[in-house]
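Here the structure comes first, spelled out in C-alpha cells, and everything after it is commentary.
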Amino acid sequence: MKHKCRFMILAIMFTLMLTTPVLAEGMEETSNFYQTIWSLLPPIIAIALALITKEVYTSLFVGIIAGSLLYSNFTFEGTLSHAFNDGIVASLSDPYNVGILVFLVILGILVMLMNKAGGSAAFGRWASEHIKTRTGAQLATIALGVLIFIDDYFNCLTVGSVMRPVTDKSKISRAKLAYLIDATAAPVCIIAPVSSWAAAVSSYVEDGNGLYLFIRAIPFNFYAILTVVMMIFMEIVGMEFGPMAKHEKNAKENGDIFSGMQTLADQANTDSNPNGKVLDLVLPIAVLIISCVIGMIYSGGFFEGESFIDAFSNSDASIGLMLGSAVTLVITSIYYLLRGVLSFKQITYCIPEGFRSMVPAILILTFAWSLKAMTDSLGAKQYVEALVKNSAGGFKTFLPAIIFLIACGLSFSTGTSWGTFGILIPITLGVFPLTDPLGVVCVSACMAGAVCGDHCSPISDTTIMASAGAQCDHVTHVSTQLPYALTAAGVSFVAYIIAGFIPNAFIALPIAIALMIGTLFIMQKTMQA
C-alpha cells in the first residue's frame, strides 16, 4: 500500500509537469491558474493524500509543491522560491504565527511541568474517586470545553492536558477525547460573545456593529449548536458510529486507548512526583486562564482606556496567549519550587522536553500555514468571492444554505475559519443590510460553514491542536471525527433551507434541534436493528 501511494504521488506530480507549459523567457510572471478552480487543487491534493496515505507531513508538503508549481507556471526556480520563501519562511516569520508557536511551546512545557510535579496524576486519582463512569468522564470533558470559551487554541491544549488522566482511567479512546476537544473548541468559541472568535468576526463589520451582529447571529449558528447537542445526546445514550465505534470498542473491551497509534503519547511519558496534589494541576490552569484573558485585553488597549468589550474586540489572540502563557510559566515554576515538588534542575529539564512534545503540532501547523499561503497566492479567495456574488441574486431564500456549503468547502480546503469569515461576511453584508433578518441568517451560515469546514479539515490548525491536546494520531482524529461532523453538517444544511423561508430563531432553532435528535434517534435504531 505504501509503495502504491508513493507511486501515485510521483505520478501526479510528473503528469502535472508534463501537461502544463513552462513559462518562457520574457513572459509576464503571472500564474495561468490565478482565480480559477485550479487554485483549490493544492489543498485538495494535500487532504486526499493525507486520508489515503495516513501520513500528514508528506501530504501537506506535496500540496505546497503543487501550489508552487501552479503559481510559477511550472518553472523550477519559481517553484522552489515560492514554496520556501513565500510559503514556509514567510509563515514562520509572520508575527502572529510566531506568537502562536511560542504559545504552543510554553503550553507544552507547562503540561510537562504539571506531569512531572504529579499534578496530572493527582487529578486522575481524584477524578477516579468522583467520576465513576465513562459517560461521566466524557460529560465532564464537554463541560470543561464549554467553560473554556476564550480561544480555541487555548481550549484544545488545556482541556487535553486536564482531562487525559480522567479519560485514560475511564478507558476512553484518545480518538474520542480528540473529538470532544475539537467539538468544544471552535463550535463553542463561535457562539461565545466574549472570545477571540467574536473579536475576529466583529472586525469584518463596519460602523462598530460587529458585536451586535455577532450576538444576533448566535441562535442561527446551527452547526455549532447542533454539534454540542449531538455530543451530549450521544454520551447520554451511549451511541457511537463510524470508525469511532471501533476505537471505542478497543478502548472499552481491550484497554487499548490508542488503537495502536501511540507516537504522540510516548513523548509525554515522564516520571511524576508521588507527592503531587490536585492543586498542582488546578492552580496553573487557573493562572493560565486569568493571565490569557488579561493578556488579550492588554493587547486590545484595555489599560490604555478602552472598555472591556472594545479591548476584547480589538485584541490580538497571538499576543495575548503568548504573554499569558509566559507569565503562567514563571508563576508555575516559582510555585513548584516553593512547594518542593520540583527542583530547579527538573524544571529546566522540562523545557526541552515540553518543546519536543509540541514538535509534531508545530511542523503540521507550519506546513498548513504554508499551504494556505499557496492558495492565497493563486487567488482562491477571489475565485470563491466571484462565485458567491454571481449566485446571490437568483436563489435568495436558498442563499443561507448555499453560503453554508461554500463556507464549508472554502474552510475545508484552506484549513482556516477566520480567512473564510473575511471573504464571505463582507460579501453577505453587501447583499443584505444589517436590518434584514435573512442577512443575519446568511452571516450565521457563513460562520457555521467556516467552523464546519475547519472541523473536518486535516490541515486546520484547530484540528491539529485537538490532536496535540489529546495526544492522538492526527489522521486517526480526522478520520474518526469526519462522520460525526458530516452528520451535524447535513442537518444544519436542511435547517438553513428552513431558515431561508422562516428567518425566525424562535421557530428555526427548535426545528433544527428536533431534526438533530430525530436523526440520531433513527441512526441508533437502524444500528440496533
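The values are calculated or read from the model by the stated rules, or taken from the named source; none is laboratory data. Every value quoted in this text rests on a predicted model; they were computed, and no experiment measured them. No Cβ is skipped: glycine too gets one built from the backbone with ideal geometry, and neighbour counts run over all protein chains shown. Each accessible area value is taken on the protein alone, full model and side chains, heavy atoms only, with ligands, DNA and RNA left out. Shrake-Rupley method; radii C 1.70, N 1.55, O 1.52, S 1.80 Å.
Near the amide H of Asn73, under 5 Å away, which other amide H atoms are found, from residues 5 or more places off or on another chain, if H is placed in the peptide plane?
Result for Asn73 returns Asn32.
If one computes the Cα centroid of region 291-344 and of region 94-172, what distance in Å separates the two points?
Region 291-344 and region 94-172 have Cα centres spaced 18 Å from each other.
Too long at a 32 Å Cα-Cα cut-off: which of Lys171/Lys277; Lys252/Lys525; Lys249/Lys381; Lys171/Lys525?
Checking Cα-Cα distances, Lys249/Lys381 exceed 32 Å.
Could you grab the relative contact order for region 32-123? Cα pairs under 8 Å, six or more apart, rounded to a whole percent.
18
Taking only protein heavy atoms into account and a 1.4 Å probe, give the accessible area per residue of region 398-486 in Å².
19
Loop-only check: which trypsin sites (Lys or Arg not before Pro) in region 112-142 are DSSP coil with at most 15 other Cβ within 10 angstrom?
Lys132
For Phe74, what accessible surface area do you get with a 1.4 Å probe? Give it in Å², rounded to 10.
20
Give the calculated FRET efficiency between Met527 and Tyr96 to the nearest 0.05, with a Förster radius of 41 Å applied to their Cβ-Cβ distance.
0.40
Taking 8 Å as the Cα distance limit and 6 or more residues as the minimum spacing, I'd like the relative contact order of region 213-364 as a percentage.
Relative contact order of region 213-364: 17 percent.
Once a ≥ b ≥ c are taken as the square roots of the eigenvalues of the Cα gyration tensor of region 416-485, is the result rounded (a/c under 1.5), prolate (a/b larger than b/c) or oblate (a/b not larger than b/c)?
Taking the square roots of the gyration eigenvalues as a ≥ b ≥ c, region 416-485 is prolate.
Relative contact order (percent) for region 394-529, with alpha-carbon contacts under 8 angstrom and 6 or more residues of separation?
About 29 percent, as a whole number.
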